[in-house]
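Input: a single structure, listed below in structure tokens.
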Amino acid sequence: MARYIGPKTKIARKFGAAIYGDDKNFEKRKNQPPGQHGPNKRRGAKKSEYAVQLMEKQKAKYTYGILERQFANLFEKAHRSKGVTGEVLLQLCESRLDNVVYRLGFAKTRSGARQLTSHRHVTVNGEILNIPSYLVKAGDVIAIREKSKSLEVVADALAAKSNYEWLQFNDEKKEGTFITAPERIQIPEDIKEQLIVELYSK
């Protein structure tokens, strides 16, 4: 399946946010949109309501590394749920296996977490699972398979991992439990989900 593999700093500059994590190049040029001509009059023009909504959807897709069809399917699932559509949409994005592997600190980036997953290094409840888009459920235990725990990339990532309230990590076993889907206030991503809901509702 196609994935964006181009310059990540360029995309971060497009949205004016470090959506791929720490980036020295982005910090130097974060106030400059991508393109050889820099900011110009046309770029500085006021964006339409549709353009603002579309930009927010694109930002969410790039942040979580999800393609259009998958993202639209997640929105449909969120729309059919009983909760607030925008909040449920982000909860579903956070529940993806590749994102949970990233949040647990097994990888430094979501793309790295996706690679670990697709290369069969990740287990869910003791079984190898290589589907990055798998939606993790409350109580699921996510770990790196025993043969892969010595991987240098995993050790380096764990050394700099962050803690999240909706995930419980066992340092001794090097495994994490997905306690529950996070509340919106717990999700650190700067995404205006209401704009995405408005876009899909047109």
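The values are calculated or read from the model by the stated rules, or taken from the named source; none is laboratory data. Predicted model, so just to flag it, every value in this text is computed and none were measured. Heads up, the Cβs are rebuilt from the backbone with ideal geometry, glycines too, and the neighbour counts pull from every protein chain shown.
For the stretch 141-160: of the residues being touching a helix residue (DSSP H, G or I) at 6+ places or on another chain (Cβ under 9 Å) and not in a helix (DSSP H, G or I), which is farthest from Asn125 (Cα to Cα)?
Filtering the stretch 141-160 for residues touching a helix residue (DSSP H, G or I) at 6+ places or on another chain (Cβ under 9 Å) gives 142, 144, 148-149, 151, 153-154, 157.
Remaining after also requiring not in a helix (DSSP H, G or I): 142, 144, 149, 151.
Details: Ile142: 6, Ile144: 11, Lys149: 16, Leu151: 20 Å.
Step by step, filter the stretch 141-160, then rank; the result is Leu151.
Of everything listed in (1) of a type outside the set (D, E, K, R); (2) farther than 26 Å from Ala60 by Cβ; (3) outside any strand (DSSP E or B), the single unmet condition for Leu199 is (2). Candidates in the stretch 150-190 are the residues that are among the small types (Gly, Ala, Ser) and surrounded by 14 or more Cβ atoms within 10 Å (Cβ to Cβ); of these, the one that is nearest to the chain's Cα centre (by Cα) is Ala181. Pick out the one residue from Leu90, Leu97 that is in contact with a Lys or Arg (Cβ under 8 Å, 6 or more places away or on another chain) and not aromatic (Phe, Trp, Tyr). Selected residue: Leu90, the only one of Leu90, Leu97 that is in contact with a Lys or Arg (Cβ under 8 Å, 6 or more places away or on another chain) and not aromatic (Phe, Trp, Tyr). Any residue that is within 28 Å of Pro182 (Cα to Cα) and either modelled with pLDDT of 95 or more or in a loop (DSSP other than H, G, I, E, B) (or both) - is there at least one of those in the stretch 22-42? Checked the stretch 22-42: at least one residue is within 28 Å of Pro182 (Cα to Cα) and either modelled with pLDDT of 95 or more or in a loop (DSSP other than H, G, I, E, B) (or both).
Just to be sure before I move on: is Ile144 free of Cβ contacts under 8 Å to residues at least 40 places away in the same chain and surrounded by fewer than 17 Cβ atoms within 10 Å (Cβ to Cβ) in the structure I sent? Spell out how you get there, then give the answer.
Working: free of Cβ contacts under 8 Å to residues at least 40 places away in the same chain: yes; surrounded by fewer than 17 Cβ atoms within 10 Å (Cβ to Cβ): no.
It is false that Ile144 is free of Cβ contacts under 8 Å to residues at least 40 places away in the same chain and surrounded by fewer than 17 Cβ atoms within 10 Å (Cβ to Cβ).
So if I check each of Glu87, Glu49, which one is modelled with pLDDT under 95 and acidic (Asp, Glu)? After ruling out the rest, the residue left standing is Glu49.
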